[in-house]
Amino acid sequence: MNRLRRNIAGGFLSVPTGGFTLIVVVAILWLTLARSPFGDTPMPHIPGLDKVVHACMFGGLTFVGELDCSRWRIKRRNLRGDAALVGWHLAAVIALASIAFGGAIELLQGAMHMGRGADWLDWLADAVAAVAVVVSPPVVRWVLALKRESLYFAFILRARRCRRLLWFWR
């Protein structure tokens with residue numbers, strides 16, 4: 001199992017730095033700027049699905065950008081563990097770049113006149129998703145810390161109750 005884990009990690013780190021981000025950027029460009037990226041396949045019309053797709057694309061772009069920055073910190077600076085994680089300021093810069101990229105795509109869609117139009121609600125969905133990717137890890141850590149703390153206190157209270165109930169075992 002450890003050998004498999006090392007092979008997966010080695011393959012993950014062998015991809016050039018920025019490779020995952022480049023793949024996601026090319027996919028987003030294809031999906032947003034092509035006249036019909038899925039060919040003649042009929043797509044179901046579900047209200048709001050377009051916004052969800054935009055949020056997934058640009059939230060994913062922000063996440064992969066942070067992942068590539070962490071990979072760069074591991075490779076180039078030999079940092080490990082929490083030191084390799086992207087700080088909030090770098091994560092904010094990545095999110096702003098993702099938001100700007102979404103705005104540029106909306107401007108291009110409006111200027112191309114190829115059956116696609118600029119929808120600023122799409123850009124808003126891009127921005128919300130990018131900010132959510134930056135904000136969610138600290139919030140999750142905070143919630144888990146509160147839960148861990150409350151579980152710890154619950155354990156202590158339960159131990160005290162058991163001690164009171166089992167006073168005759170002393």
Could you run the Karplus curve 6.51 cos²θ - 1.76 cosθ + 1.60 with θ = phi - 60° over the stretch 58-72 and give me ³J(HN,Hα) per residue in whole Hz, x for Gly and Pro?
7, x, x, 4, 5, 4, 5, x, 5, 4, 5, 5, 5, 5, 5
Using the basic label-point model (7 angstrom from Cα toward the beta carbon), what is the Ala118 to Cys56 distance in nanometres?
2.7
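Net charge near Ala100: determine it from the other residues with C-beta under 12 Å of the C-beta of Ala100, scoring Lys and Arg +1 and Asp and Glu -1.
Numbers: positive: none; negative: Glu106, Asp126.
Overall, the nearby charge balance is -2.
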Burial order of peptide ranges 110-118, 59-67, 127-135 (average beta-carbon count within 10 Å, highest first)
59-67, 127-135, 110-118
Taking 0.36 nm per intervening residue step and subtracting the Cα-Cα distance, what contour gain separates Val128 from Lys75 on full extension?
16.0 nm
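Quick note: the coordinates plus some simple rules give every number you see, no bench work behind them. Quick caveat, the model's predicted, so the values are computed rather than measured. Cβ coordinates were reconstructed from backbone atoms using ideal geometry, including for glycine residues, and neighbour counts include every protein chain displayed.
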